[in-house]
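Trainee: Submitted below is the structure of interest, expressed as structure tokens.
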Amino acid sequence: MARYIFVTGGVVSSLGKGLSSASLAYLLKSQGYRVRLRKMDPYLNVDPGTMSPFQHGEVFVTDDGAETDLDLGHYERFSNISAKKTDNITTGKIYSDIIKKERTGKYLGKTVQVIPHVTDRIKEFIKGDITNEDFVICEIGGTVGDIESLPFVEAIRQFANDVGKKRSLFIHLTLVPFLKSSDEIKTKPTQHSVKELRSLGIQPDIVICRSQKSIPIDQRKKISLFCNVPIDNVIETVDVRTIYEAPISFHKEKLNRQVLKYFNIRPKKNANLTPWKKITDTVLNSKKQVNIAIIGKYVNLKDAYKSLDEALIHGGIFNKVKVNLLRIESDNLKKQDVKKLLKNVSGILIPGGFGKRGTEGKIAAINFARRNKIPFFGICFGMQMAVIEFARNKLNIKHAGSSELDKKCFPVIGLMNEWDKDGKIIKGTNKELGGTMRLGLYEAKLRHNSLVKKIYNSTNIKERHRHRYEVNKHLQSKFETNGMIFSGMSPNNNLPEIIELKNHPWFIGVQFHPEFKSRPLNPHPLFSSFIKAAKSK
Ligand code: GLN
């Protein structure tokens, strides 16, 4: 029967609850247990799909097509357990479900209230879609004491009461600041945060203390005493040099041991830390470096391209090189500056995106990469821009564009079925078809003798999508006779999934997001190959 581990945070946000949960999941899994990771987000959006990356960082997409919180990306990368739709919920989703139910009379005339209706719905989420997992780790977004997270805290309190202490464990992650002026480690914020949690009816079983410096025994004793937690369950987490060190660090601090001890079970085998040690060493000690330019709209925001940044680093790990990311804001990229800005980079990547702003800068950069034979990787929107660049400058279709950006263009990129058989737009269909996104895993078949087939070493692949617009397949032969090959197609041949250039060392565009499937311990082949090409440039 599943045991439930709830992870809350206190004092400040961004302490690394996601990374702590993900590291714990890796350790438990590596000791022979089946683990599931879940996230509850207290905001009112139904899912993060409509949120700007400026607000909430990247939207992470699962195999089954859910648009979720970026913490699920951490979970997948560290635990290698694929997340599902049923692993992320928001207050908005809970309320929209409840209101739908209320409108159809399913509450049989009762007054609908936070307790029990909202809390019941949260509990339903926690225990839903569980099969044979040994542990379900549930992270609660935000910080204890926030108005928004109250129903979640109440629900996990009730949940633990329902299933009993033997099957539930509370972990609270807090900040233990170091005051430079007095050269002291301060435990008071932790004491207050735990006091707040206890006032909501939850006594943490383990307190993880995030700190800049190792916490001396006296301060640990103090935390243990004031927070009512056994001293061995006061776990410190000192800032690591790279995130890949986190599982090693938590193992050293015996987090997994204390969790198993709490549940009174033994590890089935020793945790395997060798791969993390290896990649930590590679990340910290690689001498050779490659400079990769990422040209996008949200480059100035730390988490907007989280999975992508990670996947590039994974590619570096595979090739034993340090990847320096040169982030270029596409809005400010003028045609005349492209050469100056990009002449020293070994690879150019254009990530996914939406909307017109910054597109001309991206197209100019792609033109530079194509003509100067610089390794180029276009992802989703980046692939679409590469197709537009090629159509305009090589096929001489001067008005080539995407109907997402310009309704009057010649749509080399458009909505499915928006074209007639000559590739021209069918007037008036736009409105009706302006529909849903292609989300989640889709299959593609790869062309023999193509670069991508060689990279994947397979003719069939499955990758995660998140887009609405497609490459106009009616133009395939025109593109191909001029050197741009549609090397990956949907199984029914209707949708171009990958393009590549014949006379170029490495120029690939993909309609999907391979970055979502890259793992530090198992880098995605496209990123490994891209970095390899950049390294040998
Ligand atoms: N805006 C483009 C589309 O909807 C690309 C989306 C993306 O890059 N994820 O097709």
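The values are calculated or read from the model by the stated rules, or taken from the named source; none is laboratory data. From a predicted model like this one, the values you see are computed outputs, not experimental measurements. Don't worry about glycine lacking a Cβ; one is built from the backbone with ideal geometry, like all the others, and counts go over all protein chains shown. Note: areas computed on protein heavy atoms with side chains; ligands, DNA, RNA excluded. Shrake-Rupley method; radii C 1.70, N 1.55, O 1.52, S 1.80 Å.
Trainee: Would you check which residues across region 212-235 are under 20 Å from ARG257 (Cα atoms), open to solvent by 70 Å² or more (accessible area, probe 1.4 Å) and outside any loop (DSSP other than H, G, I, E, B) and list them?
Mentor: ILE217, LYS221, ASP232
Trainee: While we're looking at this one, here's another question. Conditions: (1) among the hydroxyl-bearing types (Ser, Thr, Tyr); (2) within 28 Å of ASP63 (Cα to Cα); (3) modelled with pLDDT under 60. TYR456 meets all but one. Number of the miss?
Mentor: Only one criterion in (1) among the hydroxyl-bearing types (Ser, Thr, Tyr); (2) within 28 Å of ASP63 (Cα to Cα); (3) modelled with pLDDT under 60 is unmet by TYR456, namely (3).
Trainee: Output the number of the condition that VAL7 fails; it satisfies all remaining conditions of (1) over 30 Å from MET437 (Cα atoms); (2) of a type in the set (A, V, I, L, M, F, W, C); (3) in contact (Cβ under 8 Å) with a residue 12 or more places away in the chain; (4) open to solvent by 50 Å² or more (accessible area, probe 1.4 Å).
Mentor: That leaves (4) as the condition not met.
Trainee: Kindly indicate the residue of region 111-126 that is more than 13 Å from MET40 (Cβ to Cβ) and part of a helix (DSSP H, G or I) and also most open to solvent (accessible area, probe 1.4 Å) among those meeting that condition.
Mentor: Checked region 111-126; the qualifying residue most open to solvent (accessible area, probe 1.4 Å) is ILE115.
Trainee: Restricting to region 176-198, name every residue that is of a type outside the set (Asp, Glu), surrounded by fewer than 22 Cβ atoms within 10 Å (Cβ to Cβ) and assigned to a helix (DSSP H, G or I).
Mentor: Those that are of a type outside the set (Asp, Glu), surrounded by fewer than 22 Cβ atoms within 10 Å (Cβ to Cβ) and assigned to a helix (DSSP H, G or I): LYS188, PRO189, GLN191, HIS192, LYS195, ARG198.
Trainee: May I ask you to list the residues in region 117-135 that are within 21 Å of SER23 (Cα to Cα) and of a type in the set (A, V, I, L, M, F, W, C)?
Mentor: Within region 117-135, ILE126, ILE130, PHE135 qualify.
Trainee: Consider region 265-283. How many of its residues are out of contact with any strand residue (DSSP E or B) (no Cβ under 9 Å at 6 or more places or on another chain), open to solvent by 30 Å² or more (accessible area, probe 1.4 Å) and touching a residue at least 12 places away in the same chain (Cβ under 8 Å)?
Mentor: 7
Trainee: Oh, and also: Look at ASN449 and say whether it is at pLDDT 90 or above, more than 30 Å from VAL338 (Cα to Cα) and surrounded by fewer than 19 Cβ atoms within 10 Å (Cβ to Cβ). Spell out the reasoning first.
Mentor: Values: at pLDDT 90 or above: yes; more than 30 Å from VAL338 (Cα to Cα): yes; surrounded by fewer than 19 Cβ atoms within 10 Å (Cβ to Cβ): yes.
The answer is yes for ASN449.
Trainee: Among the candidates LEU150, LEU173, LEU108, single out the residue that is in contact (Cβ under 8 Å) with a residue 40 or more places away in the chain and open to solvent by 70 Å² or more (accessible area, probe 1.4 Å).
Mentor: So the residue among LEU150, LEU173, LEU108 that is in contact (Cβ under 8 Å) with a residue 40 or more places away in the chain and open to solvent by 70 Å² or more (accessible area, probe 1.4 Å) is LEU150.
Trainee: Exactly one condition in (1) without any contact (Cβ under 8 Å) to a residue 24 or more places away in the chain; (2) assigned to a loop (DSSP other than H, G, I, E, B); (3) of a type in the set (A, V, I, L, M, F, W, C) is not met by ALA83; state its number.
Mentor: Condition (1) is where ALA83 drops out.
Trainee: Considering region 511-537 alone, what residues qualify as being open to solvent by 20 Å² or more (accessible area, probe 1.4 Å), out of contact with any Phe, Trp or Tyr (no Cβ under 7 Å at 6 or more places or on another chain) and over 20 Å from LYS445 (Cβ atoms)?
Mentor: LEU521, ASN522, LYS532, LYS535, SER536, LYS537
Trainee: Moving on to the next point. Looking only at residues in region 459-484 that are buried (at least 19 other Cβ atoms within 10 Å of the Cβ), at pLDDT 95 or above and more than 30 Å from the chain's Cα centre (by Cα), which one is farthest from PRO351 (Cα to Cα)?
Mentor: PHE479
Trainee: Right, here's the next one. Which of (1) at pLDDT below 95; (2) more than 21 Å from ILE156 (Cα to Cα); (3) among the small types (Gly, Ala, Ser) is the odd one out, the single condition SER23 does not satisfy?
Mentor: Failed condition: (1).
Trainee: For region 485-503, name all the residues that are over 21 Å from ASN393 (Cα atoms) and either free of Cβ contacts under 8 Å to residues at least 40 places away in the same chain or open to solvent by less than 40 Å² (accessible area, probe 1.4 Å) (or both).
Mentor: Residues satisfying the conditions are GLY488, MET489, SER490, ASN492, ASN493, LEU495, GLU497.
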